[in-house]
1. Report the FRET efficiency, 1/(1 + (r/R0)^6), for A430 and T975, where r is their Cβ-Cβ distance and R0 is 41 Å, rounded to 0.05.
2. Between W750 and S493, what is the label-to-label distance in nm when each label sits 7 Å out along the Cα-to-Cβ direction?
3. 7 Å from Cα along Cα→Cβ at both D442 and N825: what's the point-to-point distance in nm?
4. Cβ neighbours within 10 Å, averaged per peptide: list 591-598, 739-746 in order, most packed at the top.
5. Around A1075, under 11 Å between beta carbons, what's the net of Lys plus Arg minus Asp minus Glu among the other residues?
6. Work out how much length L564 to Y402 would gain on full extension: take 0.36 nm times their residue separation and subtract the Cα-Cα distance, in nm to one decimal.
7. Work out the FRET efficiency for H423 and F853 from their Cβ-Cβ distance, taking R0 = 56 Å, and round it to the nearest 0.05.
8. State the extension gain, in nm to one decimal, for the chain segment bounded by D44 and D153, taking 0.36 nm per residue of separation less the distance between their alpha-carbons.
Amino acid sequence: MQRFLILALVCIQALGVNARTSASFNDTKVDKNVRLSLEYEGNDPREVLELIQRKTGYRFAYDAELIRSIRKHISIKVDNSPLGDVLAYLMAQIGLEYEVNGKSIILYKPKPIRIPQSRGTIGGKVYDADNPGEPLMGATVQVEGSQWATVTDFDGMFELKGLPEGEYSLLVRYVGFVPQRLEHIGVIGGNRTEIEVAMVQGGDALDEVVVTADINVKVSPIEASTEESLVKVIQEASGIVTGISNFQIAQSMDRDAGDVVKRVPGVSVLDEFVIVRGMSKRYNLTMLNGMTLPSAEMDTRAFNLNLLPTGIIDRIMVYKSPSPELPGNFGGGVVKIQTKNSSTARRFQMGVSTQYREGSSFTDHIGYKGSGKDWYGGGVEDRQLPALLRDPSYTLPPFGQYPGEVTEMGKSLPDVRLPEKQHHDLDVRANFNYYDSWKLTDSGIRLNNLTALSYTNERQFIEKKYTEQAESIEHNEETGEWTRGRKYLANDSIYLDKLRFSAMENLNLVIGNDHSIAFNSFFNRSVNDQVLVRQGNGIGGSYDNSQKTYSYEYQRRDLYQLQLAGSHAFDSHSIEWSAGINQVEDYTPDLQRFNYTNNSVSDGNQWFYLPGGLENARIDFHTKEKGKSAHMDYTRTYETNKEGGPLKIKAGVYWKENDRIFTSGRYQIEEGPNAGPNSYPNMDEAPWDGLIKDLHEDYFSEDGTGLILVQSADPGKYSIDDEVRAFYASIGLPLLGNKLVVNGGVRYEWNERFVYDENGNQRPDSVVVDFIDGHQVYERTPDRIQKYWLPSMNVAYHLSKELIIKGSYGKTVDRPQYREQSNFNYFDFEMGSIIYPNILLKDATIDNYDLRFELYPGPSEFIAVGGFYKRLTDAIERSDVSDSSWNFPAFKYGNTDEAKVYGIEAEVRKNLGFIDPFMEYFSLIVNASWLKSEVKIEEEVGSVYGGAVFDRPMQGTSPYIVNAGLYFDHRDSGTKTSVVYNLTGPRLYSAPPVRSQHGGLYEQRRHVLDLSLSQRITKAFSVKAGVQNLLNSPIQFYKDENLNNKPNKIDENPRVFEDGRMWNDYVEREWKEGAYFSLGLNFEF
C-alpha cells in the first residue's frame, strides 16, 4: 500500500501537480492547528511514527525496508508543539524527507546531491540569547524550501554543505524557543558563510521572528566570481558572451590582464593588445568597471592590457555581439574587466613571490646609472630635456644663422648615459588586500571596503635576430644550393627593467537589498627602462660596413580612474548609473641613441662615432589623455503571465569626452659644416669607455668643426577633442511561454572630433591627392561630426532548460584612431619602420551576424558551438607603403574597399566526475576558434599580383586559436593544480604593399604551456608555484615573398618573375622570451 501511494504521488507530479514540500518548515501542507506533546528516546523510528499517528490522525506511508535500515538514535521531547515543527525535527534526525497528500505523509530517502566544486557552505552557532555562553544542542536548522537541514551538535554548532551560490533564508527551531527565520544569507562558491543565531525563550509563540542575519565579518567569505556565476551570466545574456572567472585566474600564473584574456574563446593578444575573433586591436574596446579606458599609446586607441595586474581582476567578460546598451565603436568585441569588489568581510591578505626567468635571471646585463627615484618610477624628472627643447612652440634656429644659441642648446642636453655591466638576480612581486565592513544601522545599511596594493619588479634579456630588405634568391645548378642575395642583418640585445605599482580603493554603501552606491578608484604606474644594442651590417650604404647602435629609453605610464556608480531597484523599476573621470599619461624623456660604424674590410676593430640619421638622436615623447564619461540605464519589468517570463523595456543615455595632447621633440646630432675627417676619435669594439660623453661635452662648438644640434622637420605636436553622445532603447519580449526571447533595439551615436596640428589649427576640409594635366586634384576630408543609427537584435530559443539556440545581428562602427588622423610621422626604432598618418581616413562600418548553440549540463558546466560572419565596409588597415629606395620600411593606415571575417567557435566547460567519482575534482575548459578573413582591393590591373582584384587575409587575423586547461581542485586538502595550453595560428602583422612585388609580414604560430600548483598549508597560509611559457617556443615574423600566406623554406615554391628573378620567404625577426618560474607565499588573516 505504501509503495502504491508513493507511485501515485510520482504520477501526480509528472502531470504538473507539485505537492512536494521537501521537508520544508512551511506549515501550509500540514494543518497548523494540529499540535501534540511527545516524548521518545530510542532507536526505532517506527515507534515514533506510530505515536504521531495515534495523536494526530495523520497516516505515514513508507518503504518498510527503508525504515528498518535506519540505525540512528532518536531523542525527541515536545510539549504542545505544531506538527510541522515535530516532523522537521524528526526528519533531520533520521535523514528522510516527506511529502503531504491530504492526510497521508509519504516518507522517502532524499536524492543524492552531487556537489559541484563551486558550491558553498553555511555554518555557525545557535545559542540562548539570555545566556550567550549556553549553546543549544539539538536545534533544527534548515534552508527554507529545500532538503538541506541539520541539527546542532553539543556545542550548538551546525553546518550546511553543498549549497549552490545564491541567497537563502534559514529557519531555526528549538523546543521552548521562538522560531526564527534569517533572511538574505549569501552563499559564495568555494566559501563558508558564518552566522550566529541567538534564540529567545517562549515556546508558546505561534509566529516566527523574522530577522536579517548579523554577519560575522571576521569569518564571512570574500566575494569572487566562480565558474558557476560566470556560466549563469553567459546563459542569461541575450547576446553572444564568454569570459573567464576568478576561479581560473587564481589558478593560473598570469601576471596581467593580457595574459588572462588570452584564455577566453576566440581571443588572442598581439603586442599586448587584445585581438577578438581575429580582428586587429583597433576593432576591440576595453572597459574597466564599465568605463572605457583611454589609451596610453601614441599610435593607437587600443588599451595596453599589460598595465592591469592580475591581482586586482575578478573576472573578464567579452561581449562579441552588439546590443543597444553596449558602445557601438567595436567590431571584434567589448572586453569588460571587473576589478575585485569590496565584500561584507574583514580580512587581510598578503602575497610575496619571486620569479626566475630562463636566460635573464642570475646573469650580467647591460644597464646604466639611473636615478635614485627609479624604485618607484620617479626618475622622469632627472632625465628630462631642457624645458625650452620640450616646448612645442620653440623652434631651434639653423646653426648657420645662430651658432651660439644652437651650441648652447647642444651643451645643455642631459648627461649621456654610459653603458655598464649590471647583475640581475630574481624578480620580485608583492600584493596586499585589506577587506573590511562596517554596519552603520540596524536597518541593514553597511559600508564595505577593499584596499589593494601591488608591486612588481622584473628584468628580462631578449636577443632578437633581425633581417630586412632581403634580395632575390638564386639556384646553383651544379651544387643544387639555394642562396639569397645581400640583405641587412642585425642582432638586437634588449635589456629590460620593468616596474609596476598599482593601488585600488573600492567603497560600497549597501542600503538594504535594493540600493547600493559604489566609489571606485584605481591608480597604476608602469615603467619600462630599456637598453637596446643593435649590431649588424650597414643600412642603405656599403654592405661591408658594420654598425652598432645604442638606445636608452625610459618610459613611464600612469593611469588613474575615479568612478561613482549606483544601482537601485523599485519593485518593477531599476536604475543603474555611473559617472567618472580617467587620465593616462605616457612620458619618454630624452630617449638617447648613438650610432657607430666600422669598415670590416680595412680594420674590424676601429669603430667611429657616426653622427646624423634617425639612429643618432635625442627624443622626447609625451602623451596625455583625459576622459570623462557618464551613463544611466533604466529598466521596466512587466509580468506577463504565469507561464511566460517578464517583458523588459530598457532605455539609457551615454556620454564620453576625451581630450588628448601629444608633444614630441626630436633632435639629431650631426656634424658641423666645418667638421673634418679627424674630428672624431677612433674607438675600440666596446664603445662604453666614455667617448660619447666626451664628444657631447667637448665637441659642440660655435666654429662648426664639431657637432651641432638639428631639430627634426616632423611636426612635434597634435591634439584631439573627441566627444560621443548616445542614447538607446530596447525591448525584451518573451514568447511561446518564454521558450522564445527576443531582445531588440537601436542605439544612436553622435560623434564630434576636432584634430589640431602643432600650430593649433584644425585639419583642412580638403587636401591635394594628385596632379592631372598640371592641375591639383583635391579630396575632401571626413566631416568632423558623424552620426549613426545602430540597430541590433538578439534572439534566444530555449529547446529545453539546458539547451538554447542564440542568434544575433547588429551594426557597429570603427572610427580612426587619433594619431592616424594627425600630422605626426612616427619612427619605430625597435621595429625599424616609419608610421605615417592619413588625414583622409573614413569610419568603417561593420555588419555582425552570430548563431550559437549552448548546452548547460550543470550549474558550472557549459558547452557551445557557434558561427559568426562580419562584413566590413571601408575597413581600416595598416599597409606597407615602402619604396625600394628607402632605408626603412614604411607603413600607413588606409581604408580597404571591402573585407569580411567569418568562422566557427567551440567551447567546453565540464566537470569530469561523470568518468569516475574521483574525477569530480577535475574540470576541463577547452575552447577553439577557426576563422577566415578576406580583404578585397580593386584597381590592381597590371600589378604583380595579376588581375583586377587583390585578395588577402585581413591584417591582424589568425586562422585558428586553441585554449585548453585541465584544473584540479581538492577542497579538503587545499590542493589546486592547473595545466593550461594555448596555440595561436599565424597572423598577418602588416599588410603587403599595394602595387608592389613584396609580400606581407606574418607572425608564425606559437605553442604556449603553463603549469601551476597551489597548496594550503594552514587556514591562513598557502604556497603557490608554477611556470609560464614552459615550451619557450620562438616568436617569429616571416616575410611572405612568394605570396602564398604561409611560411616556406628557401627552396620551397619560389616565385619566379619574367626577368628570371626568384623570391621566397625569409624570417625577418626571431627571438625567445624564456620560461618563467615562480614561487610565492600567501597569507590571510
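What follows draws every value from the coordinates through simple rules; no lab data is involved. All figures in this text were calculated on a predicted structure; none of them were measured in a lab. When we count neighbours, we look across all protein chains shown, and the Cβ atoms used for this are built from the backbone with ideal geometry, even at glycine.
1. 0.95
2. Between W750 and S493, the label points sit 6.0 nm apart.
3. 7.7 nm
4. My ranking of the peptides, most packed first, is 591-598, 739-746.
5. So the surrounding residues net to -1.
6. Full extension from L564 to Y402 adds 52.8 nm.
7. 0.50
8. Extra length from D44 to D153 when fully extended: 37.1 nm.
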